[in-house]
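Following: one structure in structure tokens, then a few remarks.
Read-outs: derived from the displayed coordinates by stated rules, not from any lab. Quick caveat: nothing in here was measured; it's all calculated off a predicted structure. Every residue, glycine as well, gets a Cβ built from its backbone with ideal geometry; the counts of neighbours run over all protein chains shown.
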Amino acid sequence: MPSSVTTVIDVLRDKIQSRTARVGIVGLGYVGLPLAVEFAKAGFSVTGIDVEQRKTSLLNRGESYIQDVPSAVLRPLVESKHFQATTDFSVISELDTVNICVPTPLRKTKDPDMSYIVSACQQIAKYLKPGSLVILESTTYPGTTDELVLPILEKTGMKVGEQFFLCFSPERVDPGNPTHQTANIPKVVGGITPACTELGALFYSLALEKVVPVTSTSVAEMVKLLENTFRMINIGLANEIALMCDRIGINVWEVIDAAATKPFGFMPFYPGPGLGGHCIPIDPFYLSWKTKQAGIEARFIELAGYINGQMPHFVVDKIQNALNDQAKPLRGSHVHILGVAYKRNIDDVRESPALDVAHLLKKRGAHITYSDPFVPSLKVDDQELAPEDPLEASHDADCVVIITDHSDFDYETIARKAKLIVDTRNALKGKTGPHIVRL
Ligand SMILES: NC(=O)c1ccc[n+]([C@@H]2O[C@H](COP(=O)([O-])OP(=O)(O)OC[C@H]3O[C@@H](n4cnc5c(N)ncnc54)[C@H](O)[C@@H]3O)[C@@H](O)[C@H]2O)c1
């Protein structure tokens, strides 16, 4: 390795080790903001960059909009100048590291939408200075860092592994999880060259508890897709078992709980009203899109996607049948949706199955209301709904459907007040009665 290259690596290594490296995080959402806060807490000077002025203004006032980052944690970091936010990408010319945490949604056709990554990388390339470390964290298909990001950054004329360093590190944050958070979730990182991996691993080791280096960016990209595909397929299996149990009259929840007592070789997954969030319903299709190009059909993914996609329909059929058993038609009935976030105790409604269930109920002529302590308004088709009081609405509705089992709900009272409840999460575990219908 020429000595000029070792000098570039040594300089960056020293800056990282001494925490004088200036850190940049592009995309300040559920992933980027907690990461920025961890590096600021570790003593680095962190600059967050986002395209939304509203977000950067809030953050510069010490106000967080991400549930897992309390303003009380953010504010001292802003006051001590360890964290600041901007919409101006030119600040990158002063930074030593840049993590990219922008969205990676699917297009309507279920193809990856890479436009956010491309746009962020084009901005970064404009201002990237020699001796910088760039790390992509957005979930994506294997090959992205090498085939898409690297060519954009090499347009600067700089050579990777020599004048700048490039890694992929999957983000594994689990919003709302009080035990496993950004700081204590092991961080996998793979670089384009060994020097990139070394610097990436060193960088994370100064703010996070455990780092797991792998040999390439593609391995690191594939790790994330394996994890989320594993989850999506196992939820699909749990949903299919639920459909089977329903048909033959067995309580699927009791079956899973009993199976989970096996001390080896079984891991419980639970059925539900459908998949939600920005990860599990989406990420596996990044993998199937990529493998299709290599001539491999991802059949498990397609099948689990189909079964999971049927669940909102199954739930609405269940509501309709339960109402019919009480001699009421679904059309014109009041159905109250309890919980609309995509999972328990969080405020995120992206891809939430509640949206599908609400849409299907409306389509079949039901009058719908909702309650959710974390979601102040809900758009269903073109209708904007405000939340109702859960106890009053449960009393008034012809049917209550539990979509998200937030801990705040008073299930005891709801079970007593409601005329009919369809419980898709086993939130009413242990409670029975002719008015309680389980998935
Ligand atoms: N939310 C999760 O639980 C989670 C977990 C693991 C991985 N991920 C992955 O992390 C990535 C980010 O997800 P998220 O949930 O944080 O998304 P998010 O929508 O909460 O945040 C993304 C942020 O990026 C900003 N942004 C968009 N385009 C930009 C650009 N060109 N430049 C700068 N900022 C830009 C948006 O304004 C937003 O603030 C995705 O790839 C996602 O799949 C998410």
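Enclosing the Cα atoms of the chain in their convex hull gives a volume equal to 154 cubic angstrom per residue. Entry note, the chain: relative contact order of 10 percent, from Cα contacts under 8 Å with a spacing of 6+ residues. Computed FRET efficiency, Cβ-Cβ of E154 and R299, R0 45 Å: what is it to the nearest 0.05? The pair E154/R299 has a calculated efficiency of 0.80. In a GNM of the chain with a 10 Å cut-off on Cα contacts, which of G236, G62, G27 has the highest mean-square fluctuation? Largest GNM mean-square fluctuation: G62.
Here the simple spin-label model places points 7 Å from the Cα toward Cβ, and for K126 and H334 these points are separated by 5.4 nm. The modelled label-to-label distance between D113 and Y306, using points 7 Å beyond Cα along the C-beta direction, is 2.6 nm. For K429, the aspartates and glutamates whose Cα falls under 19 Å of its own Cα, not counting residues fewer than eight places away in the same chain, are D246, E254, D257, D405, D408, D410, E412.
Pull out a ≥ b ≥ c, the square roots of the eigenvalues of the alpha-carbon gyration tensor of region 278-353, then state rounded if a/c is under 1.5, prolate if not and a/b is larger than b/c, and oblate in the remaining case. Cα axes put region 278-353 in the oblate bin. Each principal axis of the Cα cloud of region 89-186 was evaluated for its coordinate range; sorted largest first, these ranges are 42, 36, 23 Å. Cross-link reach is defined here as a Cα-Cα straight distance under 22 Å, omitting same-chain residues fewer than 8 places apart; for K81 the lysines meeting it are K15, K41, K55.
Averaging the Cα positions of each part gives two centres, and for region 366-400 and region 99-153 these lie 38 Å apart. Among beta bridges from DSSP that stay inside region 94-221, the antiparallel ones total about 20%. For region 1-123, the fraction of C-alpha pairs more than 21 angstrom apart is 43%. Fully extending the segment from Q383 to T261 would add 39.4 nm, taking 0.36 nm per residue of separation and subtracting the current Cα-Cα distance. In summary, the convex hull built on the alpha carbon positions of region 247-378 has an orientation-averaged projected area of 10.9 nm². Sum up the charges of everything whose Cβ sits under 13 Å from the Cβ of V316, counting Lys and Arg as +1 and Asp and Glu as -1, but leave V316 out. Once positives and negatives cancel, what remains is +3. Ordering P373, L385, V357 by the projection of their Cα atoms onto the charge dipole of region 353-396, which places +1 on the Cβ of Lys and Arg and -1 on the Cβ of Asp and Glu, puts V357 at the extreme positive end. Between helix 283-293 and the chain there is an angle of about 70 degrees, using the helix long axis and the longest principal axis of the Cα atoms. Computed over region 1-63, the Cα gyration tensor eigenvalues convert (square root of 5λ each) into semi-axes of 30, 12, 9 Å, ordered from largest to smallest.
Rounded, prolate or oblate for region 239-281? Axes are the square roots of the Cα gyration tensor eigenvalues, ordered a ≥ b ≥ c, and the cut-off for rounded is a/c under 1.5. Oblate is the answer for region 239-281, as a/c is 1.5 or above yet b/c matches or exceeds a/b.
For a protection proxy built on the mean count of beta-carbon atoms within 10 angstrom, sort 271-277, 405-411 highest first, please.
Ranked by mean Cβ neighbours within 10 Å, highest first: 271-277, 405-411.
For the residue pairs K328/K363; K155/K292; K108/K292; K328/K419, alpha carbon separations beyond 19 Å are given by K155/K292. One quarter of the convex hull surface built on the alpha carbon atoms of region 292-439 amounts to 10.0 nm², the projected area averaged over directions. Couplings 3J(HN,Hα) for region 424-433, derived from phi with the Karplus relation 6.51 cos²θ - 1.76 cosθ + 1.60 (θ = phi - 60°), are 8, 10, 6, 5, 9, 3, x, 9, 10, x Hz, where x marks Gly and Pro. For the chain, the longest principal axis of the alpha carbon atoms and the long axis of helix 299-325 meet at an angle near 30°.
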